[in-house]
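To start, the structure itself, in structure tokens.
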Amino acid sequence: MSKYFTEEHEMFRESLKTFLNKEVKPNLNQWEEDGKVPREIWKKMGELGFLGLSYPEKYGGSNLDFFYDVVFNEEMGKMNSGGFLITQQVVQYMSGPYILKYGSEKLKNKYLPGIISGEIISCIGITEPDAGSDAQNIQTKAIKNGDHYIVNGAKTFITNAIFGDIVIAVVKTRNEENKFRVSLLAIDLNSEGISKRKLKKLGWHASDTAELNFDDVKVPVENLIGIEGKGFHYLMNGLQLERLCFIPSSVTNMEFGIDAALQYMSERKAFGKTINKFQVLRHRIAQLATEVEALKSFSYYCCQLYDQNIYDVKLCSMAKLICTELHEKVATQCLQFFGGNGFMEDYPLARMYRDVRVGTIGGGSSEIMREIISKIIIDDEIYKKAQGNERTNSLSNKGLNPFTEEHHLFRQTVKDFLKKEVIPYLDEWEKIGECPREIYQKFGEMGLFGLTFDEKYGGTKVDIWHSVILHEELASINSGGFAAAMGAHFFLAMVHINGEGNEAQKEKYLIPGIKGDLIGCMAVTEPFGGSDVKAMRTTAIKEGDHYIINGSKTFITNGVNSDYIVAACKTDPSKGAQGVSMIIIERNRKGVSATKLDKLGWKASDTGEIAFDNVKVPKENLLGIENMGFYYIMEHFVSERLSMAIGSVAAAQNAIDLTLKYMNEREAFGRKINKFQVLRHRIAQMSAEVEMNRIFIYDLYERFSNGDYLVKEASMAKLLATKLSDKVTFDCLQMFGGYGYMEDYPLARMWRDSRLGQIGGGTSEILCEIIAKMMIEGKGYKTESTKYKV
């Protein structure tokens, strides 16, 4: 069970799901035609306790934590009717909360019981014909006259305005200094002077949307919500919830679209086979599923922050930006899988395609989200939380931040070490194409090679977050080669010896390896076989008490200067991938030779092609069980791909940080280039994607540390993060202009180094293939003792 949901949450989910499948799903097509959802359905939901989940019990609510609202929105999203969904989202999350948080007790008692019972339909009136996200410039005026406000003006694109009962209207009121300030009023939609015009929309057909006109509408002063003139602050606070509630429902609707596409692809035939056999379609749906999985993790994290009363405008804006744009992408591409049928209203993707288009507009457009994010990141703008009733019905805050004070101290220690012993010498190591042995020994003295190993071998066996920190810090010093050289030793070679080695092998290789006195490398890839282990040609044929090894390996980090090689060899060529074993081969054995390769990037590491010519190796050098090498490789691929993923995200963040510094210094056309909106929005977009990937990977690390074996998820993480790192370094180099192309500036090396991310540890294409196999065929990947299936 997810760390976010308890057994009670899941019981609530099943109850709601049963209701929706029985009472809603069969009627949706009719409601889409009618242009409204009958009030009776909301009253039924109110009676069953599905509304007002986090509202106080004194008004009829259930006073539950926010993850019940997450469940509510997830299940509503599965119905694939944006109109049905938005009707109650507007009531529960976009209008009702203003009364709950800032309204007088009289207003709360007047409206909240009906909102929670489903008898009152409310709406929020912000947008005007000439003012959308720019709420400060609204023109609707509310002039106080005795015990009433006289309201004049217009609102547009107002969901629930035709059949609703009240509107929370954003108006301008006049203060004692005769200045107009934004306030909120609860206005009865049946008041004299209100006229409505129903709008015909592209999507959301099951909801009513209207333009409202106020002509001398009298509103009692007691209907003022909160303090006069504080409405803008209330809105900025409330909009975070509005943006947040979009996300769980969007995620499940995306999953609905992907599932529908997978089902259709398994049935539809073209050119003599079902279309789910076509690789281009398989990879496309794997990419979509990957992005949705990352977004889901990010959304849960943001929801947890909200549940803990943590007001994070930046993260909510990032989540809304990514979510709504991805929703469009999923709808578009899933419709494409359906071909001509996708364009037909008889199939579900047509409605989904229409409904999602408003996502990047409502609740603050994508452009507004990027503007908010860029103001926070570039201008250090602070969005303060408006005072109001805080949530008291939250879950535990466990898991919000995986790092303790001890972790922060460790991070600072690593930073200080790298600053003193590594960074000053990187340019030199980049030129000579290798790292000196002394730096391995200094790493060993610091204990950095022993983080995951037992104390009996000289390790410290600390938790996984120490390794995460080390990967992040290594990736942040702008030398992929140095990070690769260290990682190939302790995170590839030594991890295999620790995992599959016997006691004698651990004493011989692990103990000096942790000290940095012995350097290892891992050799799988061959000139004629990379990820295709079945095609491997290097053989290890047993002769008496030895193996005779012949073949070659290529692209091997530390392949020239390491002391030993953990090599994948065919011990039974007749069995293909099931005939692979892992064997330790000492560098000084007769018949071992290496050629240094000249690379595009990763210059500070030595990368070699290794040849084995009748190399005689004692059978005691076999790692683990003979012919189990493929499964050992697959088992360690999870940790390798997670490490590459978090390293890629850290490198991308470093690129953004360096670019922000440059943008703050560089001037063009009479102003700093960090004032140009196109560059600001580009930074905002990249920052949002980096943040989502970081949270996704942290979540996977937590699951991995708890024993989950995440073949699919780790593949997703590496696929996304390495692509992102490529994109970010490319875009950041562009923002440096001509200087980005100069080796004197950091982006040139960063861009070269990032390019290998999508190749090493399984190419992006291989990762898509793995993900597709697990999604479409339900393929499991077996380790030595367990078969893991989706």
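Translational diffusion of the stretch 199-253 was estimated from the Stokes-Einstein equation, with Rh taken as the Kirkwood radius over Cα pairs; at 4 °C and 1.567 mPa s the coefficient is 86 µm²/s.
Measuring nothing but alpha carbons in the stretch 64-188 and taking Rh as the Kirkwood radius, the Rg to Rh ratio lands at 1.00. Treating the stretch 281-375 as a set of equal point scatterers at the Cα positions, no solvent, please give the Debye-formula log₁₀ I(q)/I(0) at q = 0.17, 0.25 Å⁻¹. Cα-only, vacuum Debye calculation for the stretch 281-375: -0.82, -1.23. Each peptide among 338-346, 358-366, 408-416 gets the average number of other Cβ atoms lying within 10 Å of its residues, and from highest to lowest they stand as 358-366, 408-416, 338-346. Extension gain, Glu438-Glu586: 0.36 nm per intervening residue step, less the Cα-Cα distance, totals 51.3 nm. Normalised Debye scattering of the stretch 681-721 at q = 0.21, 0.29 Å⁻¹ gives log10 I(q)/I(0) of -0.65, -0.95, counting only Cα atoms as equal scatterers and leaving out solvent. Its Cα gyration tensor gives the stretch 543-619 an equivalent ellipsoid; the semi-axes, largest first and in whole Å, are 24, 15, 9. Length, then width, then depth: along the principal axes, the Cα atoms of the chain run 100, 61, 47 Å. With one equal scatterer per alpha carbon and no solvent term, the Debye-computed log10 I(q)/I(0) for the stretch 106-177 at 0.20 1/Å reads -0.95.
Computed over the stretch 588-735, the Cα gyration tensor eigenvalues convert (square root of 5λ each) into semi-axes of 41, 23, 9 Å, ordered from largest to smallest. The shape of the stretch 419-511 can be summarised by an equivalent ellipsoid whose semi-axes, obtained from the alpha carbon gyration tensor, come to 25, 14, 11 Å from longest to shortest. Taking 17 Å as the straight-line reach from the Cα of Lys415, the aspartates and glutamates in range (excluding those fewer than 8 positions away in the same chain) are Glu405, Glu406, Glu445, Glu472, Glu473, Asp657. Shape analysis of the stretch 201-317 yields a ratio of the Cα radius of gyration to the Kirkwood radius, Rg/Rh, of 1.18. For Arg641, the accessible area of its heavy atoms, probed at 1.4 Å with every protein chain present, is near 10 square angstrom.
Packing around the peptides 610-616, 621-627, taken as the average count of other Cβ atoms within 10 Å per residue, puts them in this order, highest first: 621-627, 610-616. Each 5 Å bin from zero up to the one holding the largest Cα-Cα distance in the stretch 184-223 carries the following percent of pairs: 6, 21, 23, 20, 13, 12, 5, 1. Among the listed pairs Lys155/Lys230; Lys314/Lys727; Lys101/Lys155; Lys17/Lys196; Lys144/Lys384, those with a Cα-Cα distance over 25 Å are Lys17/Lys196; Lys144/Lys384. Near Arg354: Cβ cut-off under 13 Å, other residues only, Lys/Arg at +1 and Asp/Glu at -1. The net charge is 0. Annotation: amide H of Leu451 within the under-5 Å range of Thr460, sequence separation 5 or more or interchain, hydrogens built in the peptide plane.
Express in whole angstrom the spacing between the alpha-carbon centres of the stretch 22-76 and the stretch 79-138. Each part reduced to its Cα centre gives a spacing of 14 Å.
How big is D, in µm² s⁻¹, for the stretch 507-595 by Stokes-Einstein at 10 °C and 1.306 mPa s if Rh is the Kirkwood radius over C-alpha pairs? Walk me through the numbers before you get to the answer.
On the way: Rh = 13.6 Å.
Diffusion coefficient, whole number: 117 µm²/s.
Among the protein heavy atoms, those of Glu371 account for about 40 Å² of accessible surface (1.4 Å probe, every chain in place).
When Lys506, Lys456, Lys675 are compared by accessible area of protein heavy atoms, the largest-first order is Lys456, Lys675, Lys506, using a 1.4 Å probe. For the stretch 9-70, the Stokes-Einstein estimate of translational diffusion at 20 °C and a viscosity of 1.002 mPa s comes to 168 µm²/s, using the Kirkwood hydrodynamic radius over alpha-carbon pairs. Over the C-alpha trace of the stretch 109-268, radius of gyration and Dmax come out as 18.6, 70 angstrom. Within the assembled protein chains, the solvent-accessible surface assigned to Trp602 is about 50 Å², based on a 1.4 Å probe. Each of Gly624, Gly530, Pro248 was placed along the dipole of the chain (beta-carbon charges, centred on the mean Cα), and the one lying farthest toward the positive end is Gly530. In the distance distribution for the stretch 454-561, Cα-Cα pairs more than 18 Å apart total 61 percent.
Take each peptide in 532-543, 45-56, count the other Cβ atoms within 10 Å of every residue, and average; sorted highest first, the result is 45-56, 532-543. When only alpha carbons are used to place a centre, the stretch 608-638 and the stretch 227-305 end up 41 Å from one another. Sequentially through the stretch 525-539, phi angles give Karplus couplings (6.51, -1.76, 1.60; θ = phi - 60°) of 5, 10, x, 10, x, x, 6, 7, 4, 4, 8, 4, 10, 5, 10 Hz, Gly and Pro residues having no value and appearing as x. Candidate cross-link partners of Lys616 among the lysines, defined by an alpha-carbon separation under 16 Å and a same-chain spacing of 8 or more, comprise Lys542, Lys570, Lys590.
The values are calculated or read from the model by the stated rules, or taken from the named source; none is laboratory data. Fair warning: this is a prediction, and the values are worked out from it, not measured in the lab. For neighbour counting, all protein chains shown are included, and Cβ atoms are generated from backbone atoms with ideal geometry for every residue, glycine included. These accessible areas exclude ligands, DNA and RNA; they are computed on the full protein's heavy atoms, side chains included. Shrake-Rupley method; radii C 1.70, N 1.55, O 1.52, S 1.80 Å.
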